[in-house]
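Peer 1: Quick one: the structure is below, and I'll ask about it shortly.
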Amino acid sequence: MEKIILDAAIKFGAGRYRQEENLLEQCGEEIARFGKKAFLLAGNTAFAVTKDRLLPGIEAAGIEYVVELYKGQCSYESAAELGKKVTDLGCDEVVGIGGGVIMDLSKAVAENAHVGCINIPTSIATCAAFTSMSVMYTPEGAKKNCWRFEHELDAVLVDMQTIAECPIRYAAAGILDAMAKKIEIQNGKPVMLLEDNKIDLFSAYNMAAYTYEVLKEYGPQAIADIREKRLTKAVYDVTFINIAVTGVIANITKSFSQSALGHMIYDGVRTFFTREAKNALHGEIVAVGLFTQLYYNRLPQDKEALKQYMADMDMPLSIQELGIEGTETQLKTLEDYLIDSPYVAASEESYKLLHDAMKQMLKD
């Protein structure tokens, strides 16, 4: 288990955040605020769907650029190699274009190269575009640790046409990943009170409770609209919640305690069942882990409503649907991983509660 070292300072997110239509065409102006030669780090699909609208504006702004298409994991090895390339090429700004892996990798590459970072997310599957940290993996895809940075991003630029045309699976996963914050901040507590919690965590909880209600109400409509590639107020609102607001929640807590058992189950799945669950999205794994989290919070009565909400968005509802058999041995592996985390109290009562909670991820 990684040793958690937190900076004393809170970094709230990005120096600039824009979310609007026709923004790809304006990204050159934004990049020009921070640099003269950009290292465009992108996924293959993301670059294919954005380049025709993005590159003319960059060229019009007089920005030199280098394109690096990347397909692997967000690893320390790749971040170091690409960071050296940024330095050798004389680039002074890293621009990430893509999903969560690229969003995290762009920050890590910029950190290695000692330059700024701008992120252009092409999905709302996670808040990675906005957070002042990166989740780091081995080159093979197992979770390694979290790299918390000393500075915020320069900007996050969200083009709404791109989001409206993203597959609904990514949007649904992002909605559940954002909703998870409320449930996970409560870790082990059926009720959150200010007198029992630090003010920063309690503030993050109340923001998370607000986002939970908004997403519960408008998430299904946003999914229906994205399914039809319609850019509506629901899509705009859910995008803002998934990226900006959820990112602020994560940053207020220094990316610690805003996630608990749901995200630790994700880490464990990526670490121990890398091959079995390779096709499952971050938010899908976290969402299945929330059934365990609710039970550990002593709120088992909330499971069925959450499960129905997920079913309505065609999300996986069990560990088996993530690609893992769910044997006693596999559950024990994950359980031991959770016990070794900061989120499980060291007591027999807590261990028994967790043991029973693990079964909540299995098919009924």
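Peer 1: Please pick out the residue among E64, E81 that is under 16 Å from E30 (Cβ atoms) and in the same structural domain as N145 (by TED's automatic domain parsing).
Peer 2: None of the other options fit; the residue is E64.
Peer 1: For region 304-320, enumerate the residues that are in contact (Cβ under 8 Å) with a residue 40 or more places away in the chain, in a helix (DSSP H, G or I) and surrounded by fewer than 18 Cβ atoms within 10 Å (Cβ to Cβ).
Peer 2: Passing the criteria: D312, Q320.
Peer 1: Looking only at residues in region 342-352 that are surrounded by fewer than 18 Cβ atoms within 10 Å (Cβ to Cβ) and in contact (Cβ under 8 Å) with a residue 40 or more places away in the chain, which one is farthest from the chain's Cα centre (by Cα)?
Peer 2: The residue in question is S350.
Peer 1: I would also like to ask the following. Test K229 against the criterion of being among the basic types (K, R), surrounded by 21 or more Cβ atoms within 10 Å (Cβ to Cβ) and touching a residue at least 24 places away in the same chain (Cβ under 8 Å), and give yes or no.
Peer 2: It is false that K229 is among the basic types (K, R), surrounded by 21 or more Cβ atoms within 10 Å (Cβ to Cβ) and touching a residue at least 24 places away in the same chain (Cβ under 8 Å).
Peer 1: Consider S134 carefully, then state whether it is outside the structural domain of G262 (by TED's automatic domain parsing) and either part of a helix (DSSP H, G or I) or within 19 Å of the chain's Cα centre (by Cα) (or both).
Peer 2: Criteria met by S134.
Peer 1: What's the total number of residues in region 1-44 that are in contact (Cβ under 8 Å) with a residue 40 or more places away in the chain and within 30 Å of I265 (Cα to Cα)?
Peer 2: 14
Peer 1: I would also like to ask the following. For the structure I just gave you, tell me whether A178 is crowded, with 24+ Cβ neighbours inside 10 Å and under 30 Å from S350 (Cα atoms).
Peer 2: Against the criterion (crowded, with 24+ Cβ neighbours inside 10 Å and under 30 Å from S350 (Cα atoms)), A178 qualifies.
Peer 1: In region 323-358, which residues are outside any loop (DSSP other than H, G, I, E, B) and touching an Asp or Glu at 6+ places or on another chain (Cβ under 7 Å)?
Peer 2: If the condition is that a residue be outside any loop (DSSP other than H, G, I, E, B) and touching an Asp or Glu at 6+ places or on another chain (Cβ under 7 Å), then L354, H355, M358 are the ones that fit.
The values are calculated or read from the model by the stated rules, or taken from the named source; none is laboratory data. All figures in this text were calculated on a predicted structure; none of them were measured in a lab. Quick reminder, even Gly has a Cβ in these numbers, built from the backbone with ideal geometry, and neighbours come from all protein chains shown.
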